[in-house]
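Peer 1: My structure is below; once you've seen it, I'll send some questions.
Coordinate-derived values only; no laboratory data. Computed from a predicted structure; not experimentally measured. Cβ sites come from the backbone with ideal geometry, for glycine too, and all protein chains shown count toward neighbours.
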Amino acid sequence: MKRHAWFPQFAIVVIVVLGIATVLHARVVQDTADAVRDSMRFDVSWIGAHGRIEAAQLEAYLARYAAMGRQADADRAELFYQILLGRLDSWNVGGYKEFLESSPESQQAYEELQRLLVSIEPAMTDLQQASSISTVLDTLEPVGAMIEKIGAEATISAVTKAAAIRQTLTEKQAIQHYLVVAALLSAGIMLIVSAFQNRNLRRAHAEVRRAADTFAYLAHHDPLTGLPNRTAFPDADQPATRDERLTAVVVIDLDGFKLINDTWGHMFGDKLLIAAARRLEDVVSTGSGHVVARLGGDEFAALLHVRDQSKAETMAQRMLEALKRPFDIEGSSVTISATAGIATTANAIQNARELLADADLAQSEAKAHRKGSVAIYDEALRETVERRLKLENDLRCAVGRDEITPHYQIQVDIGTGAVVGVEALARWHHPQLGPISPAEFIPIAEASGQIVDIGKYMIACACRDALRLPPDVQVAVNLSVIQIMQGEVMEATADALMAAGLPPERLKLEVTESVMMADAKQPIAVLSELRYLGVSLALDDFGTGYSSLSYLTKFHWDEIKIDRAFLQNLDTDSVGLSVIEAVLVLARKTGAKVVVEGVETQEQMELLRGTGCDIGQGYFLGKPAPIDLVCAQIREINPSRPARLHHMAQKNRHDRSSR
């Protein structure tokens, strides 16, 4: 609309021009009226011409009276005398007076004429005397010439002024003509421009309507695939038929789409999403009233009306099967899979938005445990999610409220039975829910980023509590991937050691091998700084599914901790024992000690002792406990190690049987 911003200014200019023209036209009309009045006023000057005739009539009747002596001629002479006096009086008013005043010569002649006529008034009252008539005639002799002269000058003056008035009228009429033409032209231009502006406004209104329609469409549709979007999806519900008793929502998420996007580019990924949308439409369109939508990213949803839940599962499986077929994108064959979650209801009050949230939960659960599958929503899943949200929220204040405390599990030298270390393990006692398992709250802390604060707190507690342990006992603390990647662990460790006054060699930091998976450059840089600080470093949970022998050579580890999975059925499974022995050989080459987690039985201890493993850790040797109990346990074991080890084994065996 900016391109028409000139129109208001133009309209103002035209209105001003019309106003000025109107004012000028009114002024010219007034001037014309004045000129007309002037012309009418100067027409009176012609009255002077009749004075000559009246003077001649007066002389003629006087002469006839003198010759014939008839009284009628005397009466007529007296009448014309009075008329002539009245004529002179009329000259002294109005336009004729203005003429006389403007001409000194005519004014003098007028006064002389008036004096002559007044002078014969006595004689005119007594015409019976012959001497009177003669006197009057002698006196009247120059009157005619004088009147004629004054009249001629008056006529010339009137003609001159009339010509000037006509010139003025002509000029004013021309100006009026121009003003009228200007006004008409301005009005015409205004009408033309208004018509043009109205046409532009109609076009602008049409553009606005089209834009509004476009915006309304975009507000409810995905611009890439043309499918309804998340906003429109809850309103896309269609009334079910008599045979369709359930409303179902299926949420579908493509597996591995990010990798395809990163590998082939976003344009390739967009074309894949469009192709996937068309396939989902083909499957969903087979049912009456079904709707498919794109929720965002690589997530789709379908609204179905079905007879029962099994029909919804069948439709979901068909959609997943359709997506599994290879896609031909830009001449390349691409294969993907998808995971689906389903929520159904027979309640007419429950809307699609609620079902969408439930189906999304089911889909997330399926994706977390088994990609490529279909999960059905149930109330237990909602309770799990609500519990997770509560734990995530309460976890933010747990450290500040001293709800999270460190427990320590001893690590025993397998050969001597002496306690050589303890591992700090976080324990959370929720004020309402009671003890929360680390297996539950640690993943939540890692996903929400709160593991950084918890890790910093655990390092500080471990350094402080280590001062209560014997000088030859190390304390170990686990580091998360997030702590390593954010690069704050160096400062946190240095601050904790300085605050507690603990020698760095008494602190051991354990890192899982998953830290080394994606890009080992940053982890190695952080670990190198920690080693420069003087702390010991251990590779934790070795062999948990991502094992690579290259991890043992990329960095010099002080300890390698073998996961507890290799100890299960160790007495009957020779493969697990062979793995432990192989790791021992590699560890000896690199100078690292081998720690085995999950020691549960005396038999496992004997087998590990036979392999030459260095350190054992597990419930058979000691459960995680607060620092006071651990200190007492260490004092009990370390003074007489062999006897105490046998006594400890008997005690833990009894504890396990009572669990």
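Peer 1: Using label points projected 7 Å from each Cα along Cα→Cβ, tell me how many nm separate Ala56 and Ser437, to one decimal.
Peer 2: Distance between the two pseudo-spin positions: 14.9 nm.
Peer 1: With respect to the cross-link table entries Lys97/Lys161; Lys271/Lys371; Lys456/Lys623; Lys324/Lys367; Lys258/Lys367; Lys324/Lys371, which display a Cα-Cα separation exceeding 19 Å?
Peer 2: Violating the 19 Å limit, Cα to Cα: Lys271/Lys371; Lys456/Lys623.
Peer 1: Which aspartates and glutamates, if any, have their Cα less than 20 Å from the Cα of Lys149, not counting same-chain residues under 8 positions apart?
Peer 2: Within reach: Asp43, Glu54, Glu59, Asp89, Glu98, Glu101, Glu105, Glu111, Glu112, Asp138, Glu141.
Peer 1: Tell me, in nm to one decimal, what length is gained between Ser448 and Lys97 on full extension, where the rule is 0.36 nm per residue of separation less the Cα-Cα distance?
Peer 2: 115.0 nm
Peer 1: With a 10 Å radius around each residue's Cβ, average the other Cβ atoms per peptide and rank 430-437, 587-594, 554-561, 463-470, highest first.
Peer 2: Put in order of decreasing packing, that is 554-561, 463-470, 587-594, 430-437.
Peer 1: Set the Förster radius R0 to 41 Å, insert the Cβ-Cβ distance between Lys521 and Arg325 as r into 1/(1 + (r/R0)^6), and round the FRET efficiency to 0.05.
Peer 2: So, using R0 = 41 Å, E works out to roughly 0.55.
Peer 1: How much length is gained on full extension from Ile175 to Ile192, taking 0.36 nm per residue of separation minus their Cα-Cα distance?
Peer 2: Extending this stretch completely gives an extra 3.6 nm.
Peer 1: Moving on to the next point. Rounded to the nearest 0.05, what FRET efficiency do Ser333 and Ala368 give with R0 = 25 Å and r taken as the Cβ-Cβ distance? Could you check?
Peer 2: With R0 = 25 Å, the Cβ-Cβ based efficiency is 0.30.
Peer 1: Using a Förster distance of 35 Å, how high is the FRET efficiency between Leu85 and Ala163, based on the Cβ-Cβ distance and rounded to 0.05?
Peer 2: 0.60
Peer 1: Quick one: check the C-alpha center-to-center distance for the stretch 307-373 versus the stretch 56-124, whole angstrom.
Peer 2: 130 Å
Peer 1: Also: Hey, rough spin-label estimate for Lys589 and Gln317, points 7 angstrom out along Cα→Cβ, what's it come to in nanometres?
Peer 2: Inter-label distance under the simple model: 5.0 nm.
Peer 1: Next question. Once you put a point 7 Å from the Cα of Glu403 and another 7 Å from the Cα of Arg230, both along the Cβ direction, what distance in nm separates them?
Peer 2: 2.8 nm
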